[in-house]
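Written out below as structure tokens is the structure these notes cover.
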Amino acid sequence: MKPLNIAILGCGTVGGGVAQILTQQKELLSKRAGREINLKVIAELKPQAAIERFGLDQKFFEHNSIGEILDDPDIDIVIETMGGKSDFVHNTCLEVLKRGKNLVTANKALLAERGADIFQLAADNKLQLGYEAAVCGAIPIIKGIKECFTGDVIESVSGIMNGTSNYILTQMQEKGLDFGAALKLAQENGYAEADPSLDLNGGDASHKLILLLKLAFGLTVSMDELSRTGIQFITKNDMDFAKEINASIKLICFAKLVDNQVYAMVRPMAVKNDNTLSNVNYAVNAVRLDGKYSKTHFLIGKGAGSTETAMSIVSDIVFIARHGEVPAYNEEAKYTLGDSKKLSFPYLISFKTNNLPGTTGVITTAIGNQGINIETVGHNRLDDQNGIADFPIETEECTLEAIEKAVAEIRKLKGDLLIDEPKIIPILH
Ligand code: NDP
Ligand code: HSE
């Protein structure tokens, strides 16, 4: 059989890892694939740097313009690891598929925000679109759902899908650091980018959840439609409040099917210590899957890194060599997106208030007026110098909608009470 010829576009952290595995394990991978897996060419803006960084042969960087690669009828699979969602990258991916080549990419931003026509073209042309690496790096959640849960109905997908934010929250929790100090530590240790905004504001985690919503529930959700809160507003006090109720704050991607509606959100949650996710620390990622028939599963591992992420791309290559076309897990959208404000959780709400007599009374009354049962009122953190009190309330199950009404009533009853927006953090058991 003819070798399966591979081209890599972009030889940075991930693309370089792919080239390393393909060259180091060529014989083994070819055996597993049942045909020779041959890395033919690599397009890269700074080839010399890539050659030195990854110990690659010069020969891969000859005749390597993207135009030449697209025109080469011998290339069977193109690996897109340039990153970003520019028109150039988007058009290149479409062009790969138009030329009848399979596409493998780690690019969650592109697929989540501009992927509709890429997925469609791959399906129309009966080509493979591998994107295992785009969701939680090395964790095999895409093939897990596509291949292993074909006998099940997925009822919920949740997890920790951004390593940078998890690293920062873990440092805050374990070392008692405030957010700024923990972010600085993450940057010094190479976990956070110089511009870490997408990691901190939940954007990167949202990209991954959007891809999982499509796969697990057949649901197309845009970034604007997905309810999202980042971790930038989490304070040291919030971490302590969570500790007091035996929980840790984690940035959670959450999707749950209830009566043909999927409720989805990305937001910090207080995860109770008896939930496995609360013990997933530092840059580690974890995905929890709940199936109607098979029940609960956890996949925990590396969500980023050079060879870690590259391994998922190489697995996609071997998979394509073996299987050819595989039907989608969920071919039609049967569900609609629910309003996440109407989904019930127990909540941890932290209030930053002017330290005035009757403060707790006003707040608890407004909460009670919405039919919300209070589980505990935590003790005050007083900032005597500034006359500020910060204290938490743990509620029984209620909706975000009801809490927002209570907050509006607090403002109406006593306009000068709240200093900041209360932090409303769902509790995950
Ligand atoms: P890098 O910036 O390390 O690598 C991208 C490479 O592509 C760079 O070497 C860049 O060159 C090169 N490149 C950019 N444009 C072109 C072009 N037009 N022609 C040829 N080469 C080009 O990024 P990563 O490897 O970290 O990320 C790649 C993708 O993988 C992204 O979509 C990212 O989201 C995803 N990903 C990354 C993970 C990780 O751990 N790093 C984990 C999971 C997914 P230059 O540097 O000169 O611009
Ligand atoms: N920036 C991501 C993270 C890695 O921190 O998890 C790539 O998805």
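Side notes on the structure shown:
- With the convex hull drawn over the C-alpha atoms of the stretch 142-301, the volume per residue is 111 Å³.
- Residue exposure sequence - Cys148, Cys136, Cys11 - by fewest surrounding Cβ within 10 Å: Cys148, Cys11, Cys136
- Helix axis angle, 179-188 relative to the chain longest principal axis, alpha carbon, degrees: 20 degrees
- Local net charge near Glu36, Cβ-Cβ under 14 Å (Lys/Arg +1, Asp/Glu -1): +4
- Top positive-direction residue, dipole computed over the chain with Cβ charges, set Val258, Leu185, Ile388: Val258
- Dmax and Rg, reported as Rg then Dmax, of the stretch 341-428 (C-alpha, Å): 12.2, 39
- Helix-derived mean residue ellipticity, 222 nm - over the chain, DSSP H n ≥ 4, -39500 (n - 2.57), to 500: -11000 deg cm²/dmol
- Helix 13-24 axis, angle to the chain major axis (alpha carbon atoms, nearest 10°): 40 degrees
- Axis angle, to the nearest 10 degrees, between helix 306-323 and the longest C-alpha principal axis of the chain: 60 degrees.
- Cβ charges +1 (Lys, Arg) and -1 (Asp, Glu), total dipole of the stretch 303-429, debye: 280 debye
- With a Förster radius of 51 Å applied to the C-beta separation of Glu193 and Ile374, the computed FRET efficiency comes to 0.80.
- Between Asp339 and Ile388, the simple label model (points 7 Å from Cα in the Cβ direction) yields a spacing of 3.3 nm.
- By average C-beta atoms within 10 angstrom, highest first, the peptides 396-402, 40-46, 188-194: 40-46, 396-402, 188-194
- Coarse-grained scattering of the chain at q = 0.07, 0.13, 0.14 Å⁻¹, given as base-10 log I(q)/I(0) from a Debye sum over alpha-carbon atoms: -0.39, -1.10, -1.22
- Cβ-based net charge around Leu382, under 12 Å, with every Lys or Arg adding one and every Asp or Glu removing one: -1
- Gyration tensor analysis over the Cα atoms of the stretch 259-355 returns equivalent ellipsoid semi-axes of 33, 22, 13 Å (largest first, whole Å).
- Label-to-label distance, Glu147 versus Gln24, with points set 7 angstrom from Cα along the beta-carbon direction: 2.1 nm.
- Theoretical FRET efficiency, 1/(1+(r/R0)^6), r = Cβ-Cβ of Asp178 and Lys412, R0 25 Å, to 0.05: 0.20
The numbers here are math on the coordinates, done by the rules we state, and not lab data. If you're wondering where the values come from, they're calculated on a predicted model, not measured in any experiment. Every residue, glycine as well, gets a Cβ built from its backbone with ideal geometry; the counts of neighbours run over all protein chains shown.
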